[in-house]
Each structure stands twice: as structure tokens, then as C-alpha cells.
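Comments concern the structure below.
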Amino acid sequence: MDIKNNRAIGVFDSGIGGLTVVRALMERLPFENIIYFGDTARVPYGIKSVETINRYAMQITEFLLKKDVKLLIVACNTMAAVAYQAIRDLSPVPVLEVIEASAKIAVAETRSKAIGVIGTPATINSNAYSRAIHLLDRNAKVFSQACPLFVPLVEEGWFDHAATRLVAEEYLKPVMAEHIDTLVLGCTHYPLLKPLFQDIVGKQVRLIDSAEAMAEIAADLINRENLSNENHLSPDYLFCVSDVPYRFQTIGERFLGRTLPRVEMVRL
Ligand code: DGL
């Protein structure tokens, strides 16, 4: 048994939303140890400058590398869009990010080649999704929409609230007018709005959930690189946050779909 494979997967996000990725990883890779970092003291990142997002991403990467992780997963679409290259340059272990994962699935699923992408302003302004999709299929047409109000609405737990529906109808109108058949949910928070989105866009539009896409790609890499944890006892989960954990603990359970075991406050 390779002892080094007992090392955890490091997953990080600007806050609580990355727990949707942890949830998908726990289901797909039930024997893997996971260390999560959520920058709850500084969230949201999606409306911050590229310089600031980069600096924060570097600090988190250093923190997780000191924890001796075997793989880094950038769950946050905003950090993936803006800081992926810098994170990779710093990391001696493999780095996976959500954008490529979702782009691959979107390109495989679309029939009309008209793909909608929704995300935070930083993600949409970076054009990272369009680039990733066009690298895979240069004939695809990408229609993007920044949706800054979704993150606070989800944090509030307003998953099926009338206000959220109104906001979603407004944001989705321009992308739906382009007759898309695939919509990429390009933000950690959006999987929690999936039933609402599906209701608005109709059954004929396929929603691409970046959390599920990420878990699939992580499982592939772990198998390919022989990184599987062969210790099949119950895995160790550690959740680190940069602010007092009370809010993370209560809201986080909705994201994770189960109780949050160990939550520690850390200073970067
Ligand atoms: N985690 C961010 C993302 O996926 C959303 C929250 C934020 O703006 O920091 O883009």
C-alpha cells in the first residue's frame, strides 16, 4: 500500500460554495481524505479585482500545500478563471479546476453548439469559459451572462424564493433568446438553484453542474496517476475557514447535504 496516497485532496473556495464540490467528491470518491479551505472572512471574490483574487489564491495554495495534500482542486470558478495559471506554477502536486471540467461536458452534451454560461462578474469578464469551450470546439457559440445577485440569494438560503425566481428570469432571458440547448452553471453556488433554473429554461436545456463535472475529472486523474487511497476505513474530513465558523457550520450543511464534522478557524 502506498502510504503517500493517504494524503488528503485539498479543495478550496472563496467561502462556503465549494462545499457543493466536496459533496460531489465525497459521493464519487468515498475513501479519499479531504481538507477544505473556505475564505469566509473575504468572500465574495466574484466582484473583486484580478490582482486581489490572485493574491488571495496564492495564500490559500500555500496553506494547503503545507498540509501536504496530494492534489489541489480549485472549486471556486472565480479563482479558476483568474488565478489558475499562478496556482499551477506554485504547486508541485496536480491542480484541477472547475472550468475545464464543465467545458468538456458542455461540449460533449450540446447538439446545437449554442452554449450559455452564467457566473460571477469576474468569471464572465475573464472569458475563461469561452476560451475553454472554443479550445475544445471552435464552432461552438458561447453566450455568457454575469449574475452577481445569485451568490447572496443562495447564501440567504432563498433557493426557491419568489425574488430569486424573478432575478433568475431576468438574467436568463438574454441567453435563452439565443436558443441555447446547454447552460453551464459557472459558479459554486448555482447547483443549489438547479431545480429553479430547470423550471425556467425548460427540460430541453441541459444544465451542466460544475461540482459533478469536477468529481468525475478528479476520479479519472486519481485512477490514472495511481493516487487512490487504499485505506478503506472511514475517511478524514477537515474544514478550515478564515472567519469564525458559526455561519459556515449552519449554512454549510445545506451545501454539503450532511452535518459538518470538524471546522477550524485558521489565519493565513
Ligand atoms: N466561489 C465563487 C465562484 O464559484 C462564488 C462566490 C464568490 O463570489 O466568491 O465563482
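The values are calculated or read from the model by the stated rules, or taken from the named source; none is laboratory data. Note that the coordinates shown come from a computational prediction; the quantities given were computed from them, not determined experimentally. Cβ coordinates were reconstructed from backbone atoms using ideal geometry, including for glycine residues, and neighbour counts include every protein chain displayed. Heads up: the accessible areas ignore ligands, DNA and RNA and are worked out on the full protein's heavy atoms, side chains in. Shrake-Rupley method; radii C 1.70, N 1.55, O 1.52, S 1.80 Å.
Note on the chain: with neighbouring protein chains present and a 1.4 Å probe, carbon and sulfur make up 52 percent of its accessible heavy-atom surface. In this structure, the pairs whose alpha-carbon distance is over 19 Å, taken from K4/K70; K4/K104; K104/K141; K173/K194; K4/K67; K113/K203, are K4/K104.
Reported to the nearest whole Å, the Cα centre-to-centre distance from the range 122-183 to the range 86-106 is 20. Under 5 Å from the amide H of L207 lie the amide H atoms of L183, each residue being 5 or more positions distant or on a separate chain, with H modelled from the backbone and absent for Pro and chain starts.
Between the beta carbons of V50 and L268, assuming R0 = 30 Å, the FRET efficiency works out to 0.95 to the nearest 0.05. Accessible surface area normalised per residue over the range 82-209 is 46 Å², counting heavy atoms of protein chains with a 1.4 Å rolling probe. Coupling constants for the range 140-157 follow from the phi torsions by the Karplus curve (6.51 cos²θ - 1.76 cosθ + 1.60, θ = phi - 60°), and in residue order they are 5, 10, 10, 10, 10, 9, 7, 10, x, 7, 5, 4, x, 5, 5, 4, 7, x Hz; glycine and proline get x.
About its Cα centre, the range 1-103 has a charge dipole of approximately 160 debye under the convention of +1 per Lys or Arg Cβ and -1 per Asp or Glu Cβ, with nothing else charged.
Shape analysis of the chain yields a ratio of the Cα radius of gyration to the Kirkwood radius, Rg/Rh, of 0.95. Using the Cβ-Cβ distance between N127 and E170 with R0 set to 25 Å, the FRET efficiency from 1/(1 + (r/R0)^6) comes to roughly 0.65. The alpha carbon convex hull volume per residue for the range 157-231 rounds to 120 Å³.
The order of the peptides 103-114, 159-170 by mean Cβ neighbours within 10 Å, most packed first, is 103-114, 159-170. Residues E155, E253 ordered from highest to lowest accessible area at a 1.4 Å probe: E253, E155. Using Cβ point charges alone (K and R +1, D and E -1), the dipole size of the chain about the Cα centre works out to roughly 260 debye. Relative protection proxy for 223-236, 61-74, from highest mean packing down: 61-74, 223-236 (other beta-carbon atoms within 10 angstrom). Modelled spin-label separation between D68 and R111, with each label point placed 7 Å from Cα along the Cα-to-Cβ direction: 5.2 nm.
Dividing the convex hull volume of the alpha-carbon atoms in the range 55-198 by its residue count gives 116 Å³ per residue. Using the Cα coordinates of the range 114-167, the gyration tensor eigenvalues translate into equivalent-ellipsoid semi-axes of 27, 11, 8 Å, sorted from longest to shortest. Kirkwood analysis of the Cα pair distances in the range 203-268 returns a hydrodynamic radius of 15.0 Å. Here's the picture: a label point sits 7 Å out from the Cα of E253 along the beta-carbon direction, and within the range 10-45 the residues with their amide nitrogen under 18 Å of it are 16-17, 19-20, 23.
Here the sum of -39500 (n - 2.57) over DSSP H runs of 4 or more residues, divided by the residues of the chain, equals -14000 deg cm²/dmol at 222 nm, to the nearest 500.
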